[in-house]
Amino acid sequence: MGSLAWVLVRHRGHAPSVDRSAYLAPSAEVIGRVTVGPRARVMSGAVLDAEGSRIDVGECAIVCEHAVLRAPAVGLEDHPVVVGDHAFVSPHATLLGCQVEAAAYVATGATVLHGARIEAGAVVAVEALVHGGTVLPSGFFLAPGLIAIGDPVVTYAPGDPALPEAIKAVGFAGRAFGVSTDWEDRIARYREIAAVRSEEFGAHGDDETVAP
């Protein structure tokens, strides 16, 4: 559709696949095993980085300006990003290894973490967070700024005294990075996390630009 001026990047031997009826803004970055479906729209500054897994953007799905979709692998476990048909991902939203089902809505500045699933018709409102492994049921509305954790989901406001223990129970460092360092030893944990991502991101040194 229109001028195909955007750049696709082959990563880990995989080149993106973009339907001819889709639109990618010239400044969008599409890296690795990414599939962009019919009539999908990926707008300016968006980054779709398949890393060690894959990203699937469905028919008529919208990925707005400066959204980040990243699909890592942790050991032998893939964390794909799947954006269903007619789903809407707003500006500056972040999707990491998660699933957004058909006609779901992720608002501006919202974040959805590894292993989470936003079921059809659910809404993640402005600046809200869906933590790792959480399931938002179909039609659920997560209000602005709230944190959703678990399956069945429980919501927390920032500053809720129960929030730290709820986050600890998610085991996010293990889920997202394969790191099992004690929760209390933050320095060691973040050193290990940085080392994991350093190795993963280092693979981009072999990336190749491909023609659209």
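The values are calculated or read from the model by the stated rules, or taken from the named source; none is laboratory data. No experiment lies behind these values; they were computed from the predicted model shown. Cβ sites come from the backbone with ideal geometry, for glycine too, and all protein chains shown count toward neighbours.
Residue 153 meets the conditions (1) more than 30 Å from residue 123 (Cβ to Cβ); (2) buried (at least 17 other Cβ atoms within 10 Å of the Cβ) in every case but one. The failed one is (1). Residue count for the range 78-96 under the criterion of being within 15 Å of residue 132 (Cβ to Cβ), in contact with a Ser or Thr (Cβ under 7 Å, 6 or more places away or on another chain) and at pLDDT 95 or above: the result is 2. For the residues 68, 30, 34, 100, the requirement of being among the aliphatic types (A, V, I, L, M), free of Cβ contacts under 8 Å to residues at least 40 places away in the same chain and surrounded by fewer than 20 Cβ atoms within 10 Å (Cβ to Cβ) singles out 68. Of all the residues in the range 54-77, those that are of a type in the set (D, E, K, R) and within 19 Å of residue 131 (Cβ to Cβ) number 2.
Considering only residues in the range 156-179 that are hydrophobic (A, V, I, L, M, F, W, C) and in a loop (DSSP other than H, G, I, E, B), the one that is surrounded by the most Cβ atoms within 10 Å (Cβ to Cβ) turns out to be 179. The number of residues in the range 119-135 that are closer than 21 Å to residue 173 by Cα, touching a strand residue (DSSP E or B) at 6+ places or on another chain (Cβ under 6 Å) and surrounded by 22 or more Cβ atoms within 10 Å (Cβ to Cβ) comes to 5. Of all the numbered requirements in (1) of a type in the set (Val, Ile, Thr); (2) within 25 Å of residue 65 (Cα to Cα); (3) part of a helix (DSSP H, G or I), residue 196 misses one, and that requirement is (2).
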